[in-house]
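Following: one structure in structure tokens, then a few remarks.
The values are calculated or read from the model by the stated rules, or taken from the named source; none is laboratory data. All figures in this text were calculated on a predicted structure; none of them were measured in a lab. Every residue, glycine among them, receives a Cβ derived from its backbone with ideal geometry; neighbour counts consider all protein chains shown.
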Amino acid sequence: MASLGILQKYLSEDLLDFAQTFDIGDDIVESMPNIIELILRSKSIDKKEEKQNWIDLLSVMTEEQISKLEDILTREREKLQEIEKKYEQKKMDIKKKYLAKWQQMGYVKKVAQIHEQEKQEKTKDDEEAEELLSKI
């Protein structure tokens, strides 16, 4: 199990608590912090047991295998970031569309309220005028 000091030195702050739940040797963290971080953040390796298995396999993998794994996990992260960016723009467009509709609905409601107030004031004025005329 990697010591907290080693994890703090080589991994991102936001991964420390999660990384401590795994059995990772200090030497693996020191020699391959990038790939450890990629494994821990991977969405395709979603189960904790799978992540632990990949971490355990690192010590018996060849440099070429490690390089390929790192490449795969890096491409995964980049693709997920692209997708997130793409959908973030779509989410913003949808929010703008509905915000415009809500604002328009608010405008329509406000106009209706003003018309209602004007109608009530006109009715009140008419009643006052009728009352004054009846007094004459």
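Scanning the range 57-90 for residues that are surrounded by 14 or more Cβ atoms within 10 Å (Cβ to Cβ) and free of Cβ contacts under 8 Å to residues at least 24 places away in the same chain turns up just one, Met61.
If only one of Gln8, Gln81, Gln89, Gln65 is assigned to a helix (DSSP H, G or I), modelled with pLDDT of 95 or more and not aromatic (Phe, Trp, Tyr), which one is it?
Values: Gln8 fails: modelled with pLDDT of 95 or more; Gln81 fails: modelled with pLDDT of 95 or more; Gln89 fails: modelled with pLDDT of 95 or more.
Being assigned to a helix (DSSP H, G or I), modelled with pLDDT of 95 or more and not aromatic (Phe, Trp, Tyr) holds for just one of Gln8, Gln81, Gln89, Gln65, which is Gln65.
Does Asp46 satisfy the condition of being in a loop (DSSP other than H, G, I, E, B) and loosely packed, with under 14 Cβ neighbours inside 10 Å? Explain how you work it out, then say what you get.
Numbers: in a loop (DSSP other than H, G, I, E, B): yes; loosely packed, with under 14 Cβ neighbours inside 10 Å: yes.
Yes; evaluated as a whole, the condition is true for this residue.
Among the residues of the range 31-43, those that are of a type outside the set (Ser, Thr, Tyr) and either over 11 Å from Leu11 (Cβ atoms) or surrounded by 17 or more Cβ atoms within 10 Å (Cβ to Cβ) (or both) comprise Met32, Ile35, Ile36, Glu37, Leu38, Ile39, Leu40, Arg41, Lys43. If you take the residues of the range 11-43 that are part of a helix (DSSP H, G or I) and among the acidic types (Asp, Glu), which of them is nearest to Arg77 (Cα to Cα)? Top of the filtered list is Glu37.
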